[in-house]
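**Student:** The structure is given below, and queries will be raised subsequently.
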Amino acid sequence: MSRRRVLFIAAVLAVLVIAPAVYSQQTTKAEGTNFIARANLGFDLFDLGFAFGVGGGYRFPAGSGTSEVIVDIYWSPPFKEDWTEGVSEGWESNELLIVSARVDWLFRYTPGISGFFPVVGAGFFAGAYWQEGEQWPTALGPPGQLYGGDYFASGSVFSVGAAYSFRERFEARFEVPILVFFGAYGRAGAVAIPFTASFLYKF
C-alpha cells in the first residue's frame, strides 16, 4: 500500500472521529470538554525501534467520568542495517506507517487539577510496511539477490497507561498499546506490544 493511501485513510479517520464532536460542540462547553493535539514517540523493543507520531482528538464528559476519541499517525523512518547469518550476509531496510483510532477512558481525572490518573483505551489500526534488502554468500560478497515488498496489516488496539495533567492545558502520558493483527505483514495473525510516550495540549 502506498504512503498516499495510508495518509488518505488517516484523513478519513480523522474526519469521521472528530467531525461529530465539532458538530455537537456548544457555545458554552461543559467542563472537561477539550480538543486535543499530541506529539508521540513510540518504541518497539524487538523489531523496528523508534517511531514518531502526531495525533488529535476530542475529550468530553461521559457519565460520571471523562472519555476521549483519538486519531494517531506513527511513522518509523527507513533504517538500514547489515546482518550476518550462517554462510550468508547482507543488508535490510524497513519503514512503517500506522494510523490508529481509539476511545480512551480517563479514570480519576479532574479537569483543571494537576495529578496522575490511569488511562485505558480500545480501537483499531491500519498500517503499511515497506521492506527492501540484499543478501549474498559470505564467501562471494556483493552484489547479491535483492528482496523486499510492500505489505498491509490491520487489527485491534488495546492500551493501558498513566498520565499526568499539568492543570489546564498540558498533559504527559506513558502507554502500552497491545496491537492484535488481523493479518500481520505478510504472515499469520500476531501480537505486538510497543511503548509510547506522549505530550498533549488541550485547547
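**Student:** List pairs: first residue in the stretch 98-114 and touching a residue at least 12 places away in the same chain (Cβ under 8 Å) and on the phi > 0 side of the Ramachandran plot, second residue part of a loop (DSSP other than H, G, I, E, B) and surrounded by fewer than 16 Cβ atoms within 10 Å (Cβ to Cβ) anywhere in the structure, Cβ distance under 9 angstrom, at least six positions apart or on different chains.
**Tutor:** Hits for this filter: Gly112/Glu31; Gly112/Arg167; Gly112/Glu168.
**Student:** Right, something else. So Arg167 clears everything in (1) of a type outside the set (Asp, Glu); (2) under 18 Å from Thr66 (Cα atoms); (3) crowded, with 17+ Cβ neighbours inside 10 Å except one condition, right? Which one?
**Tutor:** (3)
**Student:** Given Asn34, Asn94, which one is closer than 18 Å to Pro194 by Cβ and either at pLDDT below 90 or of a type outside the set (Gly, Ala, Ser) (or both)?
**Tutor:** Asn94 is the lone residue from the list that is closer than 18 Å to Pro194 by Cβ and either at pLDDT below 90 or of a type outside the set (Gly, Ala, Ser) (or both).
**Student:** Return a yes/no flag: does the stretch 163-172 have any residue that is part of a strand (DSSP E or B) and within 19 Å of Ser76 (Cβ to Cβ).
**Tutor:** no
The values are calculated or read from the model by the stated rules, or taken from the named source; none is laboratory data. Source: prediction; values computed, not measured. Cβ atoms come from the backbone with ideal geometry, glycine included; neighbour counts cover every protein chain shown.
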